[in-house]
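Undergrad: Below: one structure in structure tokens.
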Amino acid sequence: MTEYFPEVEQVRFEGKATDNPLAFRYYDPKRMVGDKTMEEHLRFSVAYWHTFVAGGRDMFGSDSAKRPWDHLADPMEIAQARAYAAFEFMEKMQIPFFCFHDVDVAPEGSSLKETFRNLDEIAALLKELMEKTGKRLLWGTCNLFSHPRFMHGAATSPNADVFAYAAARVKKCLEITKDLGGENYVFWGGREGYETLLNTDLKLELDNLARFLHMAVDYAHKIGFKGQFLIEPKPMEPTKHQYDFDVAAVLGFLHTYGLEKHFKVNIEANHATLAGHTFQHELRLARVNGVLGSVDANQGDELLGWDTDQFPTNVYATTLAMYEILLNGGLAPGGLNFDAKVRRGSFEPIDLFYGHIAGMDAFAHGLLAAERLLETGALEEFVAERYNSYRTGIGEQIVQGKVGFEELSAYALEHDRISLGSGRQELLETILNRCILEV
Ligand code: XLS
Ligand code: CA
Ligand code: CA
């Protein structure tokens, strides 16, 4: 059988001191952290589209990557080679999950029927490889943004034939995701938005998006798909304004249209920063609203205003992310999907390994630092103390809804000498840094 990455043996944990660039320094899958192993906490997933499909193309140049299937000419043969390579990669990286869009795994045919035939054929191969290796599908999704037919949107297209076509594609993807035991299904509205309001019926587009998602919920129910539905927020790109802008916008949308019981969110770090938020902000807002479902683990560039999808290496960010995830009680059935691509200049297959090792170690380090931070109890104690005034007296009455403006005004007239406590930000940041540095 062809070996696609012969230059790499299985990547293993060797500890902090190792000089081996093809080893983990922090990710030790069976190590217990609290009540779970690292593997159970982190639930790493490889993104099929970046790692096995994207070739480094950008606005200014063609593919730069050299991949072991590049010599093949037939699109179905390439799809098969990629599937074998994907499972070899997951085995060698000790990554238990993968995620894909329909078009990542199988080529589009000249008709919808042929596209479905191609998908069925490759899905059968994926299933066989999953059974052989024990690898699992974190989530499936449908690409409703690359083909020109989706230039004006899919569920929000002004053209009803596009809406119907998109429904057919999602129906098929749901069936395949179910058949492969997918634990989640993602909706990222990558052209569900607008370029200009001058040509846009915003109300009808939002209503139609909600109709589409209700139909998906109904169909999943009908076929017995039990996976978690996830919406992935992103503020812009490819459209000027995306309807699933950020967690706050998604929450509003779900509640407006009665969808809140059926969906959680898949939070991508780079999308959070594009929306002007920290990654931790989006995770926190989702967590406290009970909708933190899964994570696309990557990072953007501080100086670039677009979706660079880099491998996550910022340990400060991964620590704060894992802090939220631990407080969420974990992510399962979600996970940490590396929606990340190596840079265009990192064009050799081995760079795919270096990228994933960097991301896995950054999250394993973040997990250990976050666990340490929680053990100190420093943040929780400080926050509890900071809001102490709401536990007794007038604060308790506010929280219990026992007072209104009249009572509060009477109270304030008697208590207008207010004494405040320090926010102690710098002290808390020092505690956080110690936890990161001492791991
Ligand atoms: C694009 C998105 C996309 C989703 C899945 O920016 O991150 O890759 O994760 O469609
Ligand atoms: Ca993503
Ligand atoms: Ca992205």
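Undergrad: Filter segment 165-203 for residues that are within 16 Å of ligand 3 (Cβ to nearest atom) and assigned to a loop (DSSP other than H, G, I, E, B); which is nearest to Leu125 (Cα to Cα)?
TA: Trp188
Undergrad: Could you tell me whether any residue of segment 297-313 is open to solvent by 30 Å² or more (accessible area, probe 1.4 Å), more than 16 Å from ligand 1 (Cβ to nearest atom), in contact (Cβ under 8 Å) with a residue 12 or more places away in the chain and of a type in the set (Gly, Ala, Ser)?
TA: So in segment 297-313, the residues open to solvent by 30 Å² or more (accessible area, probe 1.4 Å) come out as 299, 301-306, 310, 313.
Narrowing the set further to residues that are more than 16 Å from ligand 1 (Cβ to nearest atom) leaves 302-303, 313.
Among the residues that remain, those that are also in contact (Cβ under 8 Å) with a residue 12 or more places away in the chain are: 313.
Pick out the ones that are also of a type in the set (Gly, Ala, Ser) and you get none.
Within segment 297-313, none of the residues are open to solvent by 30 Å² or more (accessible area, probe 1.4 Å), more than 16 Å from ligand 1 (Cβ to nearest atom), in contact (Cβ under 8 Å) with a residue 12 or more places away in the chain and of a type in the set (Gly, Ala, Ser).
Undergrad: So Glu40 passes all but one of these: (1) assigned to a loop (DSSP other than H, G, I, E, B); (2) modelled with pLDDT of 95 or more; (3) open to solvent by 40 Å² or more (accessible area, probe 1.4 Å). Which condition number does it fail?
TA: Failing condition for Glu40: (1).
Undergrad: From the residues in segment 267-309 that are among the polar types (S, T, N, Q) and not in a loop (DSSP other than H, G, I, E, B), which one is nearest to Thr51 (Cα to Cα)? Explain how you work it out, then say what you get.
TA: The initial filter retains those residues of segment 267-309 that are among the polar types (S, T, N, Q), namely 270, 273, 278, 280, 289, 294, 298-299, 308.
Still in the running and not in a loop (DSSP other than H, G, I, E, B): 270, 273, 280, 294, 299.
On the way: Asn270: 17, Thr273: 23, Gln280: 26, Ser294: 19, Gln299: 16 Å.
Among them, the one singled out is Gln299.
Undergrad: Would you check if Glu237 is farther than 30 Å from Gly134 by Cβ, of a type in the set (Asp, Glu), modelled with pLDDT of 95 or more and within 16 Å of ligand 2 (Cβ to nearest atom)? Quick ask: steps written out before the conclusion?
TA: Numbers: farther than 30 Å from Gly134 by Cβ: yes; of a type in the set (Asp, Glu): yes; modelled with pLDDT of 95 or more: yes; within 16 Å of ligand 2 (Cβ to nearest atom): yes.
Taking the combined requirement at face value, the residue satisfies it.
Undergrad: Out of all the residues in segment 126-145, is one or more away from ligand 1 (no atom under 16 Å from the Cβ) and among the small types (Gly, Ala, Ser)? Show your work before the answer.
TA: Applying the first criterion (away from ligand 1 (no atom under 16 Å from the Cβ)) to segment 126-145 yields 126-136.
Subsequent filtering for residues that are among the small types (Gly, Ala, Ser) retains 134.
Yes: one or more hits.
Undergrad: Here's something else I'd like to know. So, Ala73, is that one more than 30 Å from Gln10 (Cβ to Cβ) and either free of Cβ contacts under 8 Å to residues at least 40 places away in the same chain or of a type in the set (Gly, Ala, Ser) (or both) or not? Break it down into steps so the answer makes sense when it comes.
TA: Working: more than 30 Å from Gln10 (Cβ to Cβ): yes; either free of Cβ contacts under 8 Å to residues at least 40 places away in the same chain or of a type in the set (Gly, Ala, Ser) (or both): yes.
Here the answer is yes, as Ala73 does meet what is asked.
For every residue, the table says whether it meets (1) open to solvent by 10 Å² or more (accessible area, probe 1.4 Å); (2) touching a Leu at 6+ places or on another chain (Cβ under 6 Å); (3) of a type in the set (D, E, K, R); (4) assigned to a helix (DSSP H, G or I).
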| position | (1), (2), (3), (4) |
| --- | --- |
| Ala340 | no, no, no, no |
| Arg344 | yes, no, yes, no |
| Asp351 | yes, no, yes, yes |
| Ala362 | no, no, no, yes |
| His365 | yes, no, no, yes |
| Arg372 | yes, no, yes, yes |
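The values are calculated or read from the model by the stated rules, or taken from the named source; none is laboratory data. Since this is a predicted model, take the numbers as computed values, not measurements. Neighbour counts are summed over all protein chains in view; Cβ atoms, including those assigned to glycine, are modelled from backbone coordinates with ideal geometry. Areas reflect the complete protein model, heavy atoms only, side chains present, ligands, DNA and RNA absent. Shrake-Rupley method; radii C 1.70, N 1.55, O 1.52, S 1.80 Å.
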